[in-house]
Structure formats: C-alpha cells, structure tokens
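Report on one structure; see the data block that follows.
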Amino acid sequence: GFVPLAGPSPVSSIHVYTQREVYGTVGSHVTLSCSFWSSEWISEDISITWHFQAEGSRDSISIFHYAKGQPYIDDVGNFKERMEWVGNPHRKDGSIIIHNLDYTDNGTFTCDVKNPP
C-alpha cells in the first residue's frame with residue numbers, strides 16, 4: 001500500500017550545483033560556476049554567498065555576497081581586486097570569476113543560496 005513519507009516538505013528546498021574540482025593556471029582566470037534550482041519563485045530577497053577556505057586552513061571566509069539585487073565583493077582576503085560577478089539570479093546562476101590566479105587561491109569555494117521565505 002501507499003506509505004506517506006514523514007519529514008520536511010521537499011517543495012521549499014533549493015538545490016545548488018557546483019563543479020567538484022576546478023583547475024586554473026597561475027596568472028589566468030577561472031569561472032566558479034554556481035547554478036541552483038528551486039520549485040518556488042526566485043524572490044527579490046534571494047541572496048548568494050561565496051565562501052573560501054584556504055587549503056590547510058580551518059577557517060572559511062565570506063568573499064562575495066549578492067543581496068537586494070546588488071553584488072558585494074567582501075573587503076577581506078586577497079580576492080577583492082580580482083573578483084567579477086557574472087551571475088544572474090533570475091537565470092538561477094550565481095557564478096563568479098577569479099582573475100589573475102595565484103597559488104594561494106588553492107582551497108575550497110562554497111556557494112550558498114537562500115531564497116526566502
């Protein structure tokens with residue numbers, strides 16, 4: 001027979017997709033892709049945050065934030081002069097480009113999308 005599944009409603013979830021590994025050459029640029037899917041409308045309050053955790057570091061820093069329809073490049077870390085917002089939330093895209101790659105850029109980049117309510 002039919003068994004109802006308990007748990008949170010899957011309707012309101014957002015699925016975020018990024019590449020598992022991205023390689024770039026020192027001095028060149030790389031696009032960090034972030035696409036997402038939501039069963040709900042993309043609201044005007046959608047926010048996208050990119051975090052970076054350097055290899056061997058325990059701490060992750062926020063390097064980029066999109067909110068209220070505006071991109072904001074955070075003033076921390078060594079990305080601030082080299083980052084470019086190429087995303088478009090209405091196309092469910094939160095991608096950024098890192099220019100002039102350096103060895104110190106090695107690490108984990110995380111894309112976090114919130115679509116309130």
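Do you know which of the residues in the stretch 78-117 that are among the polar types (S, T, N, Q) and assigned to a strand (DSSP E or B) is nearest to SER28 (Cα to Cα)? Residue satisfying both the conditions and the ranking: THR108.
Hey, can you tell me all the residues within the stretch 43-66 that are open to solvent by 40 Å² or more (accessible area, probe 1.4 Å) and either touching a Leu at 6+ places or on another chain (Cβ under 9 Å) or outside any loop (DSSP other than H, G, I, E, B) (or both)? The answer is HIS51, GLN53, ILE61, HIS65. Search the stretch 9-23 for residues being modelled with pLDDT under 90, open to solvent by less than 80 Å² (accessible area, probe 1.4 Å) and part of a loop (DSSP other than H, G, I, E, B), and hand back the single one that is farthest from VAL113 (Cα to Cα). Filtering the stretch 9-23 for residues that are modelled with pLDDT under 90, open to solvent by less than 80 Å² (accessible area, probe 1.4 Å) and part of a loop (DSSP other than H, G, I, E, B), the one farthest from VAL113 (Cα to Cα) comes out as SER9. Could we say that TYR103 is open to solvent by 80 Å² or more (accessible area, probe 1.4 Å) and of a type outside the set (Asp, Glu) here? Yes: the conditions hold for TYR103.
Looking at the stretch 24-42 only, could you name the residues that are β-branched (Val, Ile, Thr) and crowded, with 16+ Cβ neighbours inside 10 Å?
As a first pass, look at the stretch 24-42 and keep what is β-branched (Val, Ile, Thr): 25-26, 30-31, 42.
Across the stretch 24-42, the qualifying residue is only VAL30.
Within the stretch 78-100, residues that are over 14 Å from CYS111 (Cα atoms) sit with their Cβ atoms under 7 Å from residues that are open to solvent by 60 Å² or more (accessible area, probe 1.4 Å) and in a helix (DSSP H, G or I), at 6+ positions apart or across chains, in these pairs: ASN78/THR104. When you check GLY69 against the structure, is it under 20 Å from ILE14 (Cβ atoms) and either among the acidic types (Asp, Glu) or surrounded by 13 or more Cβ atoms within 10 Å (Cβ to Cβ) (or both), yes or no? For GLY69, the condition - under 20 Å from ILE14 (Cβ atoms) and either among the acidic types (Asp, Glu) or surrounded by 13 or more Cβ atoms within 10 Å (Cβ to Cβ) (or both) - is not met.
The values are calculated or read from the model by the stated rules, or taken from the named source; none is laboratory data. Everything numeric in this text was worked out from a predicted model, so none of it was measured. Note: ideal-geometry Cβ built from the backbone for every residue, glycine included; neighbour counts use all protein chains shown. SASA here: full protein model, heavy atoms, side chains in, ligands and nucleic acids out. Shrake-Rupley method; radii C 1.70, N 1.55, O 1.52, S 1.80 Å.
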